[in-house]
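Here the structure is laid out as structure tokens; the discussion comes afterwards.
The values are calculated or read from the model by the stated rules, or taken from the named source; none is laboratory data. Bear in mind the structure is a predicted one, so any value in this text is a computation, not a measurement. Neighbour counts run over all protein chains shown; Cβ positions are idealised from the backbone, glycine included. Ligands, DNA and RNA are stripped out before the accessible areas are found, and what is left, the full protein with its side chains, is counted by its heavy atoms. Shrake-Rupley method; radii C 1.70, N 1.55, O 1.52, S 1.80 Å.
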Amino acid sequence: MKICFNQATTMKYSTLEKDLQFCEKHGYDLIEIRIDKLKDYLTRNTVEDLVKFFENSHIKPFAFNALEFISFRTEEDFNEIVKDLEFICEVGEKIGCSQAVVVPTFDVGGYTIEEIKKETVEKINILADIAEKKNFKLAFEFVGYPNCSVNRFEQAYDIVKTVNKDHVGIVLDCFHFYAMLSNLSSLKEMDVKKLFIFHIDDAENLPFGALRDDKRIWPGDGAIDLDGILKILKEIGYDKMVSVELFRPEYWEWDIEKTIQVGKEKTIKVVSKYFEV
Ligand code: ZN
């Protein structure tokens, strides 16, 4: 299992340069690049600088995070998402990164599950047609907040199955999975080919529906049954990558290198019980 760093973990004060430097130093295999951090990086550097960095490093780019709030948007707003997709396809082709996370919209109003499915499938299909021409993959990430239009694994997997394209899959984020009571038994039935990205984290022990990203905590330090999830991933034959993704303000205040180092140690401790890392 390859170990990946998601830039959300150091989001507040770090830069792509710093995250890359410290992740390489501490032996991460992969990085998920935030689109805002990439745009910021390109104000000081060029895409060719990034190409050179990856050519000379162990660490490789795995995915871009994220095309956010893709459903129930105005035409103008959706066009901005398309522009971002075209931008990351272009950069991705040069640096060898061919995958983006896509996220559904929050607070959409009183739509039924069926109406949300129809709208979300439609928007994923539009983005997937653009992505396909660039050999780019899309990984759909549900968010375990009560006000997110797609907030459970079962609902997200149904959408991805309905899209039914080889280059469209799902992100499994342990925090989102736990926060809105997704079922471990549904995970068992997943086609492993559809699991594109695995985000690991943990959560404070709050009532269901009350968790927000700031209550994420290092893997192994919280209330999520990570062993239960990892055992099933092993059973269904998943062993591709695991990405540590925290959004905890407390960790943002730490020294950046320390956050990156501890993130890897905590991830390995939990994951190595089931997988070779
Ligand atoms: Zn995530």
Just the residues that are crowded, with 17+ Cβ neighbours inside 10 Å and either more than 15 Å from the ligand (Cβ to nearest atom) or outside any helix (DSSP H, G or I) (or both), please, taken from the range 204-219.
Leu211, Arg216, Ile217, Trp218, Pro219
When the range 226-242 is examined, which residues are found to be more than 19 Å from the chain's Cα centre (by Cα) and in a loop (DSSP other than H, G, I, E, B)?
Gly237
Any chance Asp201 is within 16 Å of the ligand (Cβ to nearest atom) and within 17 Å of Asp173 (Cβ to Cβ):
yes
Looking at the range 2-34, which of the residues that are charged (D, E, K, R) and either part of a loop (DSSP other than H, G, I, E, B) or more than 15 Å from the chain's Cα centre (by Cα) (or both) is nearest to Phe62 (Cα to Cα)?
Asp29
Of the criteria (1) open to solvent by 10 Å² or more (accessible area, probe 1.4 Å); (2) in contact with a Lys or Arg (Cβ under 9 Å, 6 or more places away or on another chain), which one Asp77 fails
(2)
Need a quick list: helices (runs of 4 or more DSSP H) entirely within the range 35-149 having at least 1 residues that are in contact with a Pro (Cβ under 7 Å, 6 or more places away or on another chain) and away from the ligand (no atom under 16 Å from the Cβ).
47-55, 75-95, 113-133
